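For reference, the structure discussed in these notes is given below.
All of the numbers you see were taken from the coordinates with simple rules; none came from a lab. Only a predicted model underlies this, so the values are computations on that prediction, with no experimental measurement involved. Every residue, glycine among them, receives a Cβ derived from its backbone with ideal geometry; neighbour counts consider all protein chains shown.
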Amino acid sequence: MPENPVAPLRLGRLDLADNLIQAPLAGYSSFPFRLLAWRFGRPGLLATEMISANALRQGLASQERYLRRTPAEGPIMYQIWGSEPEAAGFAAAVVTERGAAAVDLNCGCPVRKVRAAGAGSRLMEDIPRLARLVGAMRKNTSLPLSIKIRLGPSGDNFNAAEAARAAEAEGADWLTVHGRHARESYASPCRLGEIRRVVEAVGIPVIGNGDVRDGAGAREMFEKAGVAGIMLGRACLGAPWIFARVRAECSGESWAPPAPAEVADILLRHHDLLAELLDPERAIRQIRKLGSFYSRSLAGAREFRNRLNFCRSRDELAGLAANFFHGSPVPDGRPVSGARPRESEPANV
Ligand SMILES: Cc1cc2nc3c(=O)[nH]c(=O)nc-3n(C[C@H](O)[C@H](O)[C@H](O)COP(=O)(O)O)c2cc1C
């Protein structure tokens with residue numbers, strides 16, 4: 001492993017400034033989230049929430065908010081979910097037209113409704129279908145194309161290497177492996193040795209994913225899994241600066257977390273961007289969830305969360321944030337109980 005494993009990365013014809021990537025996060029990684037991650041963390045690549053290929057094919061206006069991006073963001077990977085090759089091909093063409101820098105197929109989502117549609121982690125039980133989907137997407141976009149998989153459908157069947165080889169044969173340029181099988185919860189540790197087996201099975205770059213939230217975790221994954229880059233998911237919630245932290249910690253540079261007063265400003269900015277994307281009520285609802293993450297490392301976070309649950313307007317939010325963050329001790333980015341995200345049902349299923 002090089003002394004500093006965080007380095008530029010080429011994925012297909014896409015040159016990334018570095019190999020730390022923001023994970024797709026349904027319910028969160030719309031443009032406000034990505035814009036803040038870009039502004040404060042500069043990941044090599046941003047990612048949308050998962051977008052339904054079927055809904056795109058049906059031309060549903062409700063999908064606009066998942067497609068929306070702003071010129072101020074960095075390169076964005078659009079993630080598609082579905083089980084019909086024709087719809088996936090169509091969706092790949094749509095997101096290409098809408099300014100994606102890369103396109104990804106979700107092959108890891110364990111949510112029941114997604115699996116019931118034959119999609120997400122269900123595809124790991126049907127590798128020929130997974131391959132047809134990748135092939136159809138390949139025909140419809142010249143952008144860098146990837147799949148995001150888990151280690152396998154269950155603990156009895158770690159077939160990620162087979163899925164990876166099938167995707168490579170169909171023209172995928174890279175892939176991401178979340179180091180758990182589809183039935184495993186976040187309570188089980190991510191298996192770095194199993195990710196390495198996928199790295200050794202293919203010639204394309206493999207991005208590792210699972211449980212990384214600081215420089216030490218990133219170094220361990222680079223070293224033990226031998227991956228070309230790392231995707232961070234839950235660690236980005238309420239911490240758009242996480243990439244800067246991991247980058248600095250990997251290179252031995254000093255890094256200071258934002259002061260609580262700045263976190264309060266970022267939280268309000270997040271709200272204001274959400275209000276541009278959603279109606280005011282939904283923006284407040286989403287910021288109630290996000291507020292828990294922004295506050296999670298601070299003393300008194302539980303009470304702040306309780307109050308936030310009753311917050312109904314931007315003014316109330318500003319008042320709460322001013323009271324809570326100003327004068328709080330400096331955050332260290334560590335989670336506290338009560339603010340743990342689960343892979344919840346995406347709104348667009
Ligand atoms: C709230 C939430 C939403 C998620 N949405 C998606 C999604 O839309 N697409 C996807 O491929 N994975 C999704 N995931 C999985 C993450 O991208 C990632 O693989 C997983 O959280 C493990 O990485 P982490 O330990 O860095 O969080 C989601 C996870 C969470 C917690």
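5 Å is the cut-off here: which amide hydrogens, built 1.01 Å from N in the peptide plane, fall below it relative to ILE51, excluding neighbours closer than 5 in sequence?
Residues meeting the criterion, in which the H sits 1.01 Å from N, are GLN79, ILE80, TRP81.
Could you tell me which residue out of CYS190, VAL134, PRO110 lies farthest along the dipole of the chain toward its positive end? Charges go on the beta carbon: Lys and Arg +1, Asp and Glu -1, centred on the Cα centre.
Result: PRO110.
Taking the inverse of the average 1/r across all pairs of different Cα atoms in region 260-325, what Kirkwood radius in Å do you get? Display every interim value, and only then the final one.
Numbers: mean 1/r = 0.0874 Å⁻¹.
The answer is 11.4 Å.
Taking K and R as +1 and D and E as -1, what net charge do the other residues with C-beta under 11 Å from the C-beta of GLU249 add up to?
Computed value for this residue: +2.
I'd like the Karplus ³J(HN,Hα) series for region 190-198: coefficients 6.51, -1.76, 1.60, θ = phi - 60°, whole numbers in Hz, and an x wherever there's a Gly or Pro.
These are the phi-based 3J(HN,Hα) values: 5, 9, 5, x, 6, 5, 4, 4, 6 Hz.
If you project the alpha carbons of the chain onto the principal axes, what extent comes out on each, in Å, largest first?
Computed over the chain, the largest-to-smallest principal extents equal 56, 48, 37 Å.
What are the residues whose amide H is under 5 Å from the amide H of LEU11, where those residues sit 5 or more places off or on another chain and H is modelled from the backbone?
Hits under the 5 Å cutoff: LEU16.
If you line up the long axis of helix 280-295 against the longest principal axis of the chain, both from Cα atoms, how many degrees apart are they, to the nearest 10?
90 degrees
Taking only DSSP H segments of four or more residues, each worth -39500 (n - 2.57), what value at 222 nm results for the chain once the sum is divided by all its residues, to the nearest 500 deg cm²/dmol? Before the final figure, lay out each step's value.
Values: 14 runs with 147 residues, N = 349.
That calculation yields -12500 deg cm²/dmol at 222 nm.
Show me the GluC sites (Glu not before Pro) within region 157-263 that DSSP assigns to loop and that have at most 13 other Cβ atoms within 10 Å of their Cβ.
GLU253
Counting DSSP beta bridges in the chain, what percent are antiparallel, to the nearest 5? Please list the in-between numbers first.
Values: 4 of 33 bridges.
Of all bridge pairs located within the chain, approximately 10 percent are antiparallel.
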